[in-house]
């Protein structure tokens, strides 16, 4: 859906970030069908599962494994050479502005408190150059903490415009949105 809406064919050499990748099934799809680099940000248990899974699926690819770092310059060269990279969710704060071309979040933002959602949307805005694919509940109340989220909760700042906004074909309790920040025609000029 994302590639089709953005008229991409998977050979553009983009960098994708995903928050909450689970065991890495979307990473697997991108890894098998594109030449894109893929960065995962997740909580520790899921991060280790996805790192193990992707390393097993792509044994010939360079992987930046999760580790602690204080300064992005300390990892810049190794990360640049890696096809897949794994970070804890809080490490999203350590990446430089506009270091990702596309960003994906499927269903995990709604599991957070409002201040956490806003924090991650802020970093998605700061890190992403071109587009953000968001799949969330249309309306959801988290029974653990009684936080209610709606489509409006996940709206991006004014510099973004909504390119796609539709109810999911398979799960009508979810919506799919593709937010665009700038035209992808500038991709070649940024590499």
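Values quoted throughout were computed directly from the atomic coordinates according to the rules given, and no laboratory measurement underlies them. Just so you know, these numbers come straight off a predicted model, no measurement behind them. Reconstructed Cβ throughout: ideal geometry from the backbone, glycine too, with neighbour counts over all protein chains shown.
I need to check one value: relative contact order of the chain, counting alpha carbon pairs closer than 8 Å and at least 6 residues apart, in percent.
18 percent
Between residue 141 and residue 76, what FRET efficiency comes out of the Förster formula 1/(1 + (r/R0)^6) with R0 = 41 Å and r the beta carbon distance, rounded to 0.05?
Efficiency for this residue pair is about 0.45.
Return the percentage of antiparallel bridges among DSSP beta bridges fully within the chain, rounded to the nearest 5 %.
Counting DSSP beta bridges with both partners in the chain, the antiparallel share is about 40 percent.
Rounded to the nearest 0.05, what FRET efficiency do residue 162 and residue 115 give with R0 = 35 Å and r taken as the Cβ-Cβ distance? Could you check?
In this case the efficiency is close to 0.90.
Within 10 Å of each residue's Cβ, count the other Cβ atoms and sort 18, 98 from fewest upward.
Ascending number of Cβ neighbours within 10 Å: 98, 18.
Obtain the nm distance between the two label points defined at residue 122 and residue 5 by a simple spin-label model: each point lies 7 Å from its Cα along the Cα-to-C-beta direction.
2.5 nm
Which residue, 15, 147, 104, tops the fluctuation ranking in a GNM of the chain built on C-alpha contacts under 10 Å?
Among 15, 147, 104, the largest mean-square fluctuation in the Gaussian network model of the chain belongs to 147.
On the principal axes of its Cα set, how long, how wide and how thick is the chain? Give whole Å, largest value first.
Over the chain, Cα extents along the principal axes are 41, 38, 31 Å.
With no solvent and one point on each alpha carbon, what is the Debye value of log10 I(q)/I(0) for segment 1-109 at q = 0.13, 0.23 Å⁻¹?
The calculated log intensity ratios at q = 0.13, 0.23 Å⁻¹ are -0.43, -1.45.
Pull out the extension gain between residue 56 and residue 171, defined as 0.36 nm times the separation in residues minus the alpha carbon to alpha carbon distance; nm, one decimal. Present the calculation step by step, with values, prior to reporting the outcome.
Working: separation 115, 0.36 × 115 = 41.40 nm, distance 3.03 nm.
So the extension gain works out to 38.4 nm.
Would you please give the FRET efficiency between residue 155 and residue 99, computed as 1/(1 + (r/R0)^6) with r the Cβ-Cβ distance and R0 = 35 Å, to the nearest 0.05?
0.95
Considering every pair of different Cα atoms, what Kirkwood radius, in Å, is found for segment 1-45?
Numbers: mean 1/r = 0.0897 Å⁻¹.
Evaluated on segment 1-45, it is 11.2 Å.
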